[in-house]
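Here, each number is a calculation from the coordinates, and none is a lab measurement. Note that the coordinates shown come from a computational prediction; the quantities given were computed from them, not determined experimentally. Note that each Cβ is placed from the backbone with ideal geometry, even for glycine, and that neighbours are counted across all protein chains shown.
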């Protein structure tokens, strides 16, 4: 897949930056002429990925989150990257209802939500080095020139 436009955003791992990150990615995705449902899906998935980085990656401690996005002919690729504590068992972490912080009343549905709203989800992580979440959304309603 050839991507024709790229963006990157870095922000502190603060919960108030979650809404900003999702708005930026949604605004970038509008170049593909997505439906309102597509935009809602993208915003929800980005919110979950950023929230996971804040809550689990950095355990609400200071850190930096990088969001990268690329678009090409009807495709949006989004990466949410942290250098936090990483995930020991990705398979277990992706199971619905699994959470490492039940005391915070976390539902354990973050990865499930991302998978539901995006067309592809990949999680790359190494303990004590961080996590990269890669999501792809196909924008069927495209027709807009992405160049």
task: Figure the gain on full extension for residue 136 and residue 90 (residue separation times 0.36 nm, minus the Cα-Cα span) and round it to one decimal in nm.
output: 14.7 nm
- request: State, to one decimal in nm, how far the label point of residue 20 lies from the label point of residue 126, with both points 7 Å from Cα in the Cβ direction.
  value: 2.9 nm
Order by protection proxy (mean Cβ within 10 Å, highest first), peptides 45-55, 63-73: 45-55, 63-73
task: Would you mind calculating the gained length between residue 10 and residue 30 on full extension (0.36 nm times residue separation, minus the Cα-Cα distance), in nm to one decimal?
output: 5.2 nm
- prompt: Using 1/(1 + (r/R0)^6) with R0 = 30 angstrom and r between the beta carbons of residue 3 and residue 60, what's the FRET efficiency to the nearest 0.05?
  reply: 0.35
